[in-house]
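Here the structure comes first, spelled out in structure tokens, and everything after it is commentary.
The values are calculated or read from the model by the stated rules, or taken from the named source; none is laboratory data. Everything quoted here is computed from the prediction, not taken from an experiment. Glycine gets a Cβ as well: all are built from the backbone with ideal geometry, and neighbour counts include every protein chain shown. Please note that ligands, DNA and RNA were not included when accessible areas were found on the heavy atoms of the full protein model with its side chains. Shrake-Rupley method; radii C 1.70, N 1.55, O 1.52, S 1.80 Å.
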Amino acid sequence: KMSVPDYMQCAEDHQTLLVVVQPIGIVPEESFFRIYKRISAVSQVNVRDSQRVLYIRYRHHYPPENNEWGDFQTHRKVVGLITITDCSSPKDWPQTFEKFHLQKEMYGSTLYDSRLFVFGLQGEIAEQPRTDVAFYPSYDECETVEKRIEDFIESLFIVLESKRLDRATDKSGDKIPLLCVPFEKKDFVGLDTDSRHYKKRCQGRMRKHVGDLCLQAGMLQDSLVHYHMAVELLRSVNDFLWLGAALEGLCSASVIYHYPGGTGGKVGSRRAQGGSLSAEAGNRHRPGKGEILFPFCALTSNGINADTSTEIGRAKNCLSPEDIIDKYKEAISYYGKYKNAGVIELEACVKAVRVLAIQKRSMEASEFLQNAVYINLRQLSEEEKIQRYSILSELYERIGFHRKSAFFKRIAAMQCAAPSIPEPGWRACYKLLLETLPGYSLSLDPKDFSQGTHRGWAAVQMRLLHELVYASRRMGNPALCVRHLSFLLQTMLDFLSDQEKKDVTQSLESYTAKCPGTMEFITLPDGLKLPPVPFTKLPIVRSVKLLNLPTSLRPHKMKSLLGQNVSTKSPFIYSPIIAHSRGEERTKKI
């Protein structure tokens, strides 16, 4: 049973050759990944004088049980192995070479070719010319790594092409072997191998397998033809698991044709493969960085020609964007009949969602995702659960379901601090919680709450803020606790019950005793800045009562300074009426 799903799978991965890159013995992690990065850069190759393009998918870890499903879908088969090792002494060389052979045996039945890169060994052994081993003095002196990988991919292509030609040839009289997935083998013991039903099953499965090989060999049109024929044969004998695989192959080839930019989310990560204009084809197949040209003129007769008749044939066999989704639904329904095909079903759902995201069909995509959530796999480790929920979150985000995305990201955050983990990752938990804030319409800037109505669900937002406080405390950062609690009190005051207000203020009092609050910005490790939180809503004014001023501040009645003629009732110190009458008296005297 295949137990480890690849949540990053895309429809276009069906056209890739899988190469595993692994260390042998003790190799410094930094050195390994520096070489791995250079190797994985050689991911796309062109075949000279044709429009055939090859794609390589590199992995530094791949479960051997997944490799056993290589006949079912050839992109799951490890066809190349590259090993990297440190070896500074000639006396260690025999043991190192022995380890290389043991590593090959792990994937032995499926490997087309393998290579060993040795770093540190110099002298007589390193000077002997070999095709399967490359010697380099150090990790800094290895300029030919990319060229060695190009030669390696060339050898993979030769084997792939010979297998494709061998299996595509109709050999009348020869019995076609029955391809199986691991859990089927015991079911076919003792079957009548001469029955018409059995022969059709063998033909259908092999036809589907040849379609896979054509797709990997860059022959899109041929793969479409083989997949269509396989669907008809397998449908006639109700071979549902392999019928699902043939339908998915048809979907993958059609997705590659319709969406040459890929569905994985990295725009421009793949070059166009299905262009119909000869000028486009000429430009597309010029060698670029990380690409190689194969001088295999004898092999190009099976390539796709750029004339219009070919394009008409391809368009006829190719599914429309709407049909792609219908066929994905049908394939997934067949996978669902087999409990041992849970990983295949889950990955097919993820691939369909990526296609629907490009087609902007969000509601249908959400149905596929909902199905993926409920697919039962074996007991997952905490790390696998975190990965699963994070990918679900990313996919929901991609189709515009921001709140659902935040929901799954929060579950992933909680999983980082699960009780079963010996050393809970509170920093990872806190970081993931911060990423959920936009999905719940929550900002950590108090200014965003000063105007207008409240956005989002206050109850959920308060829960999230409490979780941020708790994660901050477990990280040993009381300043963050104070900031988040202050924010909770200031922005959610209207939604807190009396008891909750009491609890929050008591917590705040407890934390500020250890770390007083400040009006400075708090900068987090990832650069995010938390603004200060002024308490503009506190204290709360319930009623107003006028109080007597202190004696020193009370007003006193002042005595008149202008004589007896000034009216004692006048509020003025200098009355304009009296001044006027005195002016008249002076006029009379004159």
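How do Ser195, Ser223 rank by accessible surface area computed with a 1.4 Å probe, from largest to smallest?
Final ranking, largest accessible area leading: Ser195, Ser223.
Put a dot 7 Å past each Cα toward the Cβ at Ser443 and Asp194; how far apart are the dots in nm?
In this crude spin-label approximation the distance works out to 8.0 nm.
Express the carbon and sulfur contribution to the solvent-accessible surface of segment 406-517 as a percent, rounded to the nearest whole number, probe 1.4 angstrom.
For segment 406-517, the apolar C and S fraction of the accessible surface comes to 52 percent.
How much length, in nm to one decimal, is gained on full extension between Met558 and Arg427, taken as 0.36 nm per residue of separation minus their Cα-Cα distance?
Full extension of this stretch gives 40.1 nm more.
Working from the alpha-carbon coordinates of segment 175-226, get Rg over Rh, Rh being the Kirkwood radius.
A ratio of 1.07.
Report the label-to-label distance for Thr144 and Arg34 in nanometres (one decimal), using points 7 Å from each Cα along the Cα→Cβ vector.
Output for this residue pair reads 2.0 nm.
Just list whichever of Lys37/Lys147; Lys185/Lys337; Lys501/Lys537; Lys360/Lys409 have alpha carbons separated by over 19 Å in the model shown.
Lys360/Lys409
How long is the gain from Ser497 to Asp187 if the chain were fully straight, where each residue apart is worth 0.36 nm and the alpha carbon distance is subtracted?
In short, 105.2 nm is gained.
As an exercise, identify the chymotrypsin sites (Phe, Trp or Tyr not before Pro) in segment 371-480 lying in DSSP coil whose Cβ has no more than 12 other Cβ atoms within 10 Å.
Here the chymotrypsin sites (Phe, Trp or Tyr not before Pro) that fit, given the DSSP loop and packing criteria, are Tyr374.
Hey, what's segment 464-532 come to in accessible area per residue, 1.4 Å probe, Å²?
52 Å²
Once you have the Cα-Cα distance between His61 and Leu528, take 0.36 nm times their residue separation minus that, and quote the gain in nm to one decimal.
164.8 nm
To the nearest 0.05, what FRET efficiency results for Asp323 and Lys104 with a Förster distance of 45 Å applied to their C-beta separation?
With R0 = 45 Å, the Cβ-Cβ based efficiency is 0.60.
Let's test the formula: R0 of 30 Å, r as the Cβ-Cβ distance of Asp92 and Ser420. What FRET efficiency results, to the nearest 0.05?
Efficiency at R0 = 30 Å is approximately 0.15.
What does the charge add up to near Asn371, with Lys and Arg as +1, Asp and Glu as -1, over the other residues with Cβ less than 10 Å from its Cβ?
Cβ neighbours under 10 Å give a net charge of -1.
Keeping every protein chain present and rolling a 1.4 Å probe, give me the accessible area per residue for segment 47-156 in Å².
Value returned for segment 47-156: 44 Å² of accessible area per residue.
At 1.4 Å probe size, what's the solvent-accessible area of Asp13? Round to the nearest 10 Å².
10 Å²
Given a Förster radius of 35 Å and the C-beta distance between Glu232 and Tyr374 as r, what FRET efficiency does 1/(1 + (r/R0)^6) yield to the nearest 0.05?
0.65
So, with a 1.4 angstrom probe, what is the percent of accessible area on segment 1-169 that is carbon and sulfur?
In segment 1-169, the share of accessible area belonging to carbon and sulfur is 50 percent.
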